[in-house]
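Visitor: Below you will find the structure I want to go over with you.
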Amino acid sequence: MKRFVVLAAVLFALVLPALSQDWIRTGTGVGGEKIRLAVADFKIPSAEADALDKTFNAVLFNDLHQAGIFDMVSKSFYPLAAIGAPADVRLDAWGAPPPNAAMLAFGNLAVRAGTLQVQGWLFDVKNAQNPQVLAKQYRESATDENARLIAHRFADEIIFRLGGGLSGIAETKIYFISSRTGHKEVWAMDYDGAGQHPVTRLGSISLGPRVSPDNSRVAFASFFKGGPNIAMWSLELGRLVQFPSFGGTTLSPAWSSDGTRIAFSSSRSGDPEIYVCDQNGNNLKRLTAYHGPDVSPVWNPKTNAQIAWVSGRTGLPQIYIMDSDGTNVQRVTDQGYAVSPSWSPNGQFLAFAWVRHYGPGAPGASDIYLMDVASRQWVQLTHDGGRNDFPSWSPDGRHIVYQSTRGGSEQIWSMLADGSQQTQLTFTGSNSQPNWSWK
Amino acid sequence: MKHRKMKWTLLVLSLAAIVVIGGCKKKQVPSAPPAAPPPPQPRATLSVSPESIDRGGTATLTWSTQDATSVTIDGIGSVQPNGSQQVSPSTSTTYHLTAQGPGGYVDATARLTVVPPPATPPQAAAPEESEDALFAQSVKDIYFDYDRYDLRPGDQATIDADAAFFKAHPSIRFTIEGHCDERGSTDYNLALGDNRANAARDALIKAGVAASQIKVISYGKEKPFCSESTESCWQQNRRDHFVYGQK
């Protein structure tokens, strides 16, 4: 017995310092130390490709900076001699201070007969014998959009190679709601805010878009047939496709990560409850049975065996989790106003919006928080004022996109999952409810 | 003898272990200074007498608080910790008091109903009046407390009057729109608005209105009546709005 007590005491002493460590860092800072990376401007043989080269260089540098896993060497530290091919590279100049780079990306870009050709390399600067890590060639028709696309692809190659095997997100999209046309419609943009364009033109109120895991459809809630119901938009056909109308107030559809099932909230029984159905609307099954709002379900994308959602069964809304058959219900927040859960791709964390001390005169705004699902420990990610809501994880689990009113109007922002590198993505009209694509 | 020696060794070893572990633990967890007792949570009450006045009449608002350093009433401003004041609003008003102290905050509300002067009975004035004009004159919206979807006790009279109208006009079809104020999430407010609309629907059916007359729809915070970020505006938006017809 005594031995058991001693053992427990030793274990406790060992666990204490581990608990006090920065556990968010261990979740997102894969690979430990940030790699010091230099990205030389790509060389052009003639001035005609100048505009495309500017776009390409800016996008490539920004992608690698936004990835969150590199210590980017400031361009003012670079050696002056332009490099376009491996023969131009002087490793000693790049590897010594001031650049002191560990890795160097470089290449050349040319337009020949309307075709944009890009060659890119990644060199390990400290490995003089065999420096080449990556060599890539790309060809697309010569448009500004394709210069961006190639930059995204090359950035993702570098991130995949140096970022612990996780794919980059430079080619991912963000779906969101914008009222720029006078109606709340579903819009889409690149992950960095480029190429913002409307997806739907229903002239109604559309809310909460969620793209399918195969990027073929967007499910959302819309008032276009009266009360809010789930609408299904085919990105391939560019129009609405058949999805059953469940009646009542039906909203917040969420895809399972295998794309086979959808969870949502519906008041078809007279009270908003959580339901699941197949991706075509068949096999409807109700999971909750308490009076009061039950809304905003999301699947644990790692297992699809659990669902997190928001319930007002005890008063102010709180985050709950349950098994995806409706059993094993647990409440994970204990105070305030907690809404809009988003489950991280690795299944470990819940991001959500929380007004921790809620009530008239109480301090605190709606901010984005992160909770470790196993330990229920949480950290606050936004602190900069305004109402912050609707977090959504990037597929690599390193980024979160969300909406914020900190700038005066409702706009979309992104950040690293530790709360750093907050970046505003939209600037026109009112924009809300972002959803990051799965790949 | 041998056993005894082992016993001793064991005892000494475990004592040493306890001392060592105890020492370690002390280093890990320095004893906290004795915590001061938490400041008491402030308390507040707010009442209005009488609870219902005719338009132009006055009522007395009375409040008392304990353990509060700052007390405010929306629309009146900062006030003494205890006191009373004459009020004479032109429309029904919910007074909202917030008391803040070192131990936190607390709030209290009191509702004063203002009865408008009796209008000429609509049926008598215009017997040929259309159903929708009659509807607009007779049916009153009902309002909700923050984040609540249960009917306030004071609204039962409104529900009864609305129910009487709907029962007297069984051919009328109507829609109950559930609305919420701008605070909180879009999705949660849509669900809350649905609960609000259905609370009125259930009360009307209980009062004898045919279910086939009623349709419910929730707009959450998508179609506010008032767009300022003030309590009086939020109160306007936390409502069930009755609309003639069914879209």
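No value in this document is a laboratory result; all are computed from the given coordinates. Quantities reported herein were computed from a predicted structural model and do not represent experimental measurements. Cβ sites come from the backbone with ideal geometry, for glycine too, and all protein chains shown count toward neighbours.
Visitor: In peptide A:312-318, what is the residue-averaged number of other protein chain Cβ atoms found within 10 Å of each Cβ? The partial results should precede the final answer.
Guide: Numbers: counts 7, 0, 0, 2, 4, 8, 0.
Mean partner shielding for this stretch: 3.
Visitor: Measure off 7 Å from each Cα along the Cα-to-Cβ vector at B:ALA168 and B:ASP132, then give the distance between these two points in nanometres to one decimal.
Guide: 2.1 nm
Visitor: Given charges of +1 on the Cβ of Lys and Arg and -1 on the Cβ of Asp and Glu, with all other atoms neutral, how large is the dipole of chain A about its Cα centre, in debye to the nearest 20?
Guide: With only Lys, Arg, Asp and Glu charged at Cβ, the dipole is about 660 debye.
Visitor: Other chains' Cβ within 10 Å of B:178-186 residues: what's the mean?
Guide: 6
Visitor: Can you tell me the Rg and Dmax of the protein assembly as shown, counting just the alpha carbons, in angstroms?
Guide: Looking at the protein assembly as shown, its Cα Rg and Dmax stand at 31.3, 116 Å.
Visitor: Of A:GLY270, A:THR260, A:THR426, which is farthest towards the positive pole of chain A's charge dipole, taken about the Cα centre with +1 and -1 on the beta-carbons of Lys, Arg and Asp, Glu respectively?
Guide: With unit charges placed on the Cβ atoms, the residue in question is A:GLY270.
Visitor: Still on this structure, please answer the following. Please compute, for peptide A:220-229, the average count of beta-carbon atoms on other protein chains lying within 10 Å of each residue's beta-carbon.
Guide: That works out to 4 on average.
Visitor: Another question, then. Rounded, prolate or oblate for the stretch B:36-118? Axes are the square roots of the Cα gyration tensor eigenvalues, ordered a ≥ b ≥ c, and the cut-off for rounded is a/c under 1.5.
Guide: The shape class here is prolate.
Visitor: Top mean-square fluctuation among A:PHE243, A:PHE352, A:PHE390, Gaussian network model of chain A, C-alpha springs under 10 Å?
Guide: Greatest mean-square fluctuation among the candidates belongs to A:PHE243.
Visitor: Is the stretch A:173-436 best put as rounded, prolate or oblate by its Cα gyration tensor, with a ≥ b ≥ c the root eigenvalues, rounded for a/c under 1.5, and otherwise prolate when a/b is larger than b/c, oblate when not? Walk me through the numbers on the way to the answer.
Guide: Values: a/c = 1.39, a/b = 1.04, b/c = 1.34.
Cα axes put the stretch A:173-436 in the rounded bin.
Visitor: OK, next. Which of the helices in chain A meet the span-like rule: DSSP H, Cα axial reach of 18 Å or more, Kyte-Doolittle mean at least 0.5?
Guide: Numbers: long enough: A:2-19 (25 Å, 2.14); A:50-66 (24 Å, -0.24); A:144-162 (27 Å, -0.11).
Within chain A the helices that satisfy the rule are A:2-19.
Visitor: Just to check I understand the Karplus step: with θ = phi - 60° and J = 6.51 cos²θ - 1.76 cosθ + 1.60, what whole-Hz values come out for the stretch A:87-104, glycine and proline as x?
Guide: Using θ = phi - 60°, the values come out as 5, 7, 7, 9, 4, 5, 5, 7, x, 9, x, x, x, 6, 7, 8, 10, 9 Hz.
Visitor: Would you mind classifying the stretch A:270-355 by shape? Square roots of the alpha carbon gyration tensor eigenvalues, ordered a ≥ b ≥ c; an a/c under 1.5 is rounded, otherwise it is prolate if a/b is larger than b/c and oblate if not.
Guide: oblate
Visitor: Quick one: 3J(HN,Hα) in Hz for the stretch B:231-247, Karplus 6.51/-1.76/1.60 with θ = phi - 60°, rounded, Gly and Pro as x.
Guide: 4, 5, 6, 4, 4, 4, 8, 8, 8, 9, 9, 8, 10, 5, x, 10, 6
Visitor: Here's another thing I want to ask about it. Can you compute 3J(HN,Hα) from phi for each residue in the stretch A:213-226, using the Karplus curve 6.51 cos²θ - 1.76 cosθ + 1.60 with θ = phi - 60°, rounded to whole Hz and x for Gly and Pro?
Guide: x, 8, 6, 9, 9, 10, 9, 7, 9, 9, 8, 5, 10, x
Visitor: In nm, to one decimal, how far is the A:THR314 label point from the A:SER234 one, both placed 7 Å along Cα→Cβ?
Guide: 4.6 nm
Visitor: Long-range amide H contacts for A:LEU116: which residues qualify at under 5 Å (H placed 1.01 Å from N, peptide plane, sequence gap of 5 or more or a different chain)?
Guide: A:GLU140, A:SER141, A:ALA142
Visitor: If you don't mind, another one. Using a cut-off of under 18 Å, list every residue of the stretch A:224-260 whose amide N is near the label point 7 Å from the Cα of A:LYS285 along the Cα-to-beta-carbon line.
Guide: Within reach of a label on A:LYS285, which here means backbone N under 18 Å from a point 7 Å along Cα→Cβ, the stretch A:224-260 contributes A:254-260.
Visitor: Ok, one more. Within the stretch B:160-247, report the chymotrypsin sites (Phe, Trp or Tyr not before Pro) that DSSP leaves as loop and that have at most 14 other Cβ atoms within 10 Å.
Guide: Of the chymotrypsin sites (Phe, Trp or Tyr not before Pro), the ones in loops of the stretch B:160-247 whose Cβ has at most 14 other Cβ atoms within 10 Å are B:PHE225.
Visitor: Put a dot 7 Å past each Cα toward the Cβ at A:PHE160 and B:ASP160; how far apart are the dots in nm?
Guide: Going from the B:ASP160 label point to the A:PHE160 one covers 7.3 nm.
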